1. How large is the accessible surface per residue of the range 141-193, computed with a 1.4 Å probe and reported in Å² as a whole number?
2. Using a 1.4 Å probe, how large is the accessible area of Phe168, given in Å² and rounded to the nearest 10?
3. Enter the accessible area of Tyr115 (Å², nearest 10), with the probe set to 1.4 Å and all protein chains included.
4. Determine ³J(HN,Hα), in whole Hz, for all residues of the range 179-195 in sequence, where each value follows from phi through the Karplus function 6.51 cos²θ - 1.76 cosθ + 1.60 and θ = phi - 60°; x replaces Gly and Pro.
5. Binned at 10 Å from 0, what are the whole-percent values of the Cα-Cα distance distribution for the range 105-240, short to long?
6. Can you tell me the accessible area per residue over the range 252-406, all protein chains present, probe 1.4 angstrom, in square angstrom?
7. If each of Ile427 and Cys192 carries a label point 7 Å out from its Cα toward its Cβ, how far apart are those two points in nm?
8. Give me the net charge of Ser208's neighbourhood, meaning all other residues with Cβ under 15 Å from the Cβ of Ser208; Lys, Arg count +1, Asp, Glu -1.
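The values are calculated or read from the model by the stated rules, or taken from the named source; none is laboratory data. The shown structure was predicted, so the numbers you read here are calculated from the model rather than taken from an experiment. Positions of Cβ are generated from backbone atoms using ideal geometry, with glycine treated the same way; all protein chains shown enter the neighbour counts. Just so you know, the surface numbers come from the protein's heavy atoms only, side chains and all, with ligands and any DNA or RNA stripped out. Shrake-Rupley method; radii C 1.70, N 1.55, O 1.52, S 1.80 Å.
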Amino acid sequence: SPPPSPPPRPPPPPRALPFPPPSPPSSPPPSPPPLPPPTPPPSPPPSPPPSTPPSPPPSPPPSSPPPSPPPSPPPLVGCADPIALNYNSLARACNEESCCTYPVFGCTDSNALNYHSAATTQPDDIVCEYAILGCTDSWAPDYDSTATTYDSCTPYTLGCTDSNAINFDSEADTNDGQCLYEIPGCTIPSACDYNPNATIFTSCDQTSCKGCTDPASPAFNSNATVDDDSCIYFGCTSTGADNYDSSANVFQPGACSFPRVGCTHTRAINYDSLASVDSGACVIFGCNVPSASNYDEEATANDGNCTFPVRGCTDSLALNYRSDAEADSGGCVFSVLGCTSPLASNFNPFATVYDGSCLFTRRVCGSPGALNYVSGAVPGQSDAGLCIFPVPGCLNPAATNYDPSANVQPPGDPLYACTLPRPGCTIPNAVNWDSRADEDDGGCIIVVTGCTDPNALNYNSNANTPRAGSCVRAIVGCINSEALNFRSDANVDSGNCVLPKLGCMASRATNYDSDATVSDDSCQFVIDGCTDSTALNFISA
């Protein structure tokens, strides 16, 4: 980079006079002595006493007073200070504020640096000073410390002027203080002997200061000052364990504690009081049919005790109202007056109550006990052979006692009440077999014994009944017999086997291997001694 510009030349300091400006006299000049007071004019002589002549003569006019003596001459006005330039020894008074003129001392040569334009007198102790031309810039190579007035300076060039420096500048005439010198050493920041001031690489120590710096680790190296991630921490490294240790990096046999998996629901027949993790295979008996009145949402197996509500018309105003119905069937029929006989010419298919308005063009049943009895039939229009008499029975085809010949089901009569089939499991060897069920509901749970622990090695997802002692617990560990952390009872590999690595484990050796786990007796050490074979104390190795 170009050398910095020289600092601006400061203006010359103000030139001080070699003497202070004259001061006025410390005390006013002495006043002239006072003049004697003027002599008053003489008094006129006293008049003689008046006489008593018989007739006084007329008085003469009064006489004029004698003339006053001439006044004294006024004092001489002038400067009465003996040190003033205009001193007058005869002066007795000064009629102005200041009438004395005093000398001003200083250099009276207008060519001098300390010329005093107001000076009137130059005493011997005041010497005129004259300018010394030269370079007044201290940065310049031709700087003149005796110069008082700037004349000119030779331009300078900044740079390193030391020929021993690596950045020596032969054209520089002024040293800028930035010289750099060769410093041999290690220039790698990660090395143990790194020298931030080194400019020339020689060699670096990459091993002597590195190792495990944590005193809590079994691999702690008290000589290490730089951690190289070689610390070993034993513990439970299985994430599925209750005591999983995220800081451990080497599995410790027997350190892990795994949760017990089983049914945790106290109502289940396979409840496991020691289990802390639910297996999802609990067997709880109850009514698991959502349409049943005693539906149990926790039940996983039907116990055959489901009860279903009696369905029918629950509206008491309807013609088919059923007082024992617990749930409305949605089929209530209400009264509609009209002709209810299909044989009538004015049959009303929507009529539910006969109003006697039927008109017949052919014979109808006139027997009052018949189901098709027409109360409006007149003699000659009725025929007993056309009557349909009631046959009581169950009219529900889905019922087990359905009577296809019946045409009437008396309401509330238990003798003719329909018996609906009982849904449930009809397989005898099922867990939820219902001996009273006469219709299989498809919910049979077949007993499948086995290991119900999802974390076990032999977990059976189809098993619903645990078999005691059948689960094989997972033991996580290193299953490589050649590893340092081999676990003989492990059946699941932990994936962190530490295999032995042969090498020199002595940190002071020249061939120290920080990754070695087993020493192979290959360490080589530096032996200090005399290497001159002709010397008496020569050491060959």
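1. 63
2. Looks like 90 Å² after rounding.
3. For Tyr115, the solvent-accessible surface is approximately 90 Å².
4. Values, residue by residue: 5, 10, 10, 5, 10, x, x, 8, 10, 9, x, 7, 6, 5, 10, 4, 10 Hz.
5. 11, 15, 14, 12, 11, 10, 9, 7, 6, 3, 1, 0
6. 58
7. Once both label points are built, they end up 7.4 nm from each other.
8. My count for the surroundings of Ser208 gives -3.
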